[in-house]
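K.L.:
What follows is a single structure, and I will ask about it in a moment.
Every read-out reported here was derived from the displayed coordinates using simple, explicitly stated rules and does not represent laboratory data. Note that the structure is a prediction, hence the values are computed from the model and not measured. Cβ placement follows ideal geometry from the backbone for every residue including glycine, while neighbour counts extend to all protein chains displayed.
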Amino acid sequence: MDTLGLRLAAIAAGQIAGFEPSLWTKLPDSRGPRVLLSAEDRSLVVSLIPDSDVPAAQTEAVACAVLRSLLPDTQIGFPQILASVQAPDDLTEDERTYEVQISDPLAGTPATLEDFAESQQLVSSLADFLADLHNSDTGAVADAGLVVHDSAELREQLLADLDRAAGTGLVPAVLLQRWEDALENVSTWRFLPCPIHAALAPEAIRVEDGRITSVSDFFRFRVGDPAADLAAVSTFVEGSHYEHFLDRYRQQRHIKDAGLQARAELLAELAVLDWLLLAVDTEDEAAKSDAVALLNSLAEVATADAEQPRHAQPYEFTDRGETRADDPAAPEDEAPAAEPAEDTPADDERGDTSPAPSAPDLQPRVEPQVQRSSDADAFRPAAAPAPFDEGSSADVPTERIMDFDEQPQASKDRPEKS
């Protein structure tokens, strides 16, 4: 008989005063064992966290506390750990050590790609949330001891990554040149850093009735480039919905950022480069072969793109409705670009006489599946952990805790209340 759920229930009952669970439900999650405990008037989620993942969980706890102060009026919920305790050595059969974390369930169900494809209202909700997040104060993030990067640091790190990738000899020359040109375009990198999620994916978002109800996975929350979050969104919101997302997001932002869309497109492409570097670092030959194949495919698209006159310089466009005059970080002695003559047609109200390249054209053809890098600054593709729904017990077995206090293992392992 699997008694892990009962033993986690015992630990939770010992840590949370007055909580006496009568039901427990095992939650599917690739990150580790989790159970939903239910009492008459309350439910809690108990997670078993490997010690190697505890620092990330602690960072998320700090980040969510900061978020609650930054966004006091938001209707979106964030994870909140109610208690944590070191797990008994004999709780599991493996030799790893764990921490038990107890938290309230998050509202809503895990989002899917289909949710964003079918609901423009949900896309609007995501745009509003990210705009509110990016508009919030950076000082509180720094005061909490979380990571803070300025624009120059981020650009230099990307240049260093590009140099390292070039040293492998595996990146097509057309991509190296394309990315170097984009990174050397200093005007694109004049932006004001802001609080960002930095690990956004559908499984971090929970939804209900066409709106976002809660967001999690804030283990990389920091001050950085807002384009990193937009690059992440472009991997699961596509086509006209992504254009709607961008328009809605721009309407809500307090600061104009002329290079935002260009950087987002670049970071989405560089995700493939990051995949290659991780494969090289971990000596994963299969992943390296897949990354090289994807780079070659991307190079073919980039070559065709470069042969078209309108794409002579990659990423050379300003965001819709924004000009260099809107750039908050531009030097004061630089005059804004002259407006076109009256008889010159405007380009779809972009403020630019050359058409913008289509953002999805150079997106990776497949979604790389690699591990998250906790110290990386730009968007990184990641293995998607299996989503779980604390609020649903229809698809997984549920067991009733009978005479809870009389369960031999539960009472044996129950820690004292703290």
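K.L.:
Give me the one-decimal nm value for the distance between modelled label points at residue 117 and residue 153, 7 Å along each residue's Cα-to-Cβ direction.
P.N.:
3.9 nm
K.L.:
Given points 7 Å out from each Cα along the Cα-Cβ axis, report the residue 41 to residue 306 separation in nanometres with one decimal.
P.N.:
Label at residue 41, label at residue 306, 6.8 nm between them.
K.L.:
Would you mind listing how long the range 74-126 runs along its three principal axes, going by Cα atoms, in whole Å with the largest first?
P.N.:
Cα extents, longest axis first: 49, 25, 12 Å.
K.L.:
So if I average 1/r over every pair of distinct C-alpha atoms in the range 68-209 and take the inverse, what Kirkwood radius in Å does that give?
P.N.:
That comes to 19.6 Å for the range 68-209.
K.L.:
Could I ask something else about it? For residue 177 and residue 142 in the same chain, what is the full-extension length gain: residue separation times 0.36 nm, less their Cα-Cα distance, in nm?
P.N.:
Fully extending the segment from residue 177 to residue 142 adds 9.1 nm.
K.L.:
With the Cα gyration tensor of the range 28-100 giving a ≥ b ≥ c as the square roots of its eigenvalues, does the rule (a/c under 1.5 for rounded; else a/b larger than b/c for prolate; else oblate) give rounded, prolate or oblate?
P.N.:
oblate
K.L.:
Residues in the range 135-160, backbone N under 20 Å from the label point at residue 281 (7 Å along the Cα-to-beta-carbon vector): list them, ranges by number please.
P.N.:
Under cut-off, by backbone N: 147-150, 153-160.
K.L.:
Further, regarding this structure: Treating the Cα atoms of the range 1-148 as identical point scatterers in vacuum, please give the log10 of the normalised Debye intensity I(q)/I(0) at q = 0.11, 0.14 Å⁻¹, two decimals.
P.N.:
-0.54, -0.84
K.L.:
Follow-up question, since we're still on this one. If we count other beta carbons within 10 Å of each Cβ, what is the order of 149, 197, 134, fewest first?
P.N.:
Lowest count first: 149, 134, 197.
K.L.:
Something else now. Sort 290, 281 by Cβ crowding within 10 Å, fewest neighbours at the top.
P.N.:
281, 290
K.L.:
Still on this structure, please answer the following. Arranged by the count of other C-beta atoms within 10 angstrom, fewest first, what order do 156, 60, 285 take?
P.N.:
Least crowded to most crowded, the residues run 285, 156, 60.
K.L.:
Hey, another quick one. So between residue 95 and residue 252, what do we pick up on full extension, going 0.36 nm a residue minus the alpha carbon distance?
P.N.:
51.6 nm
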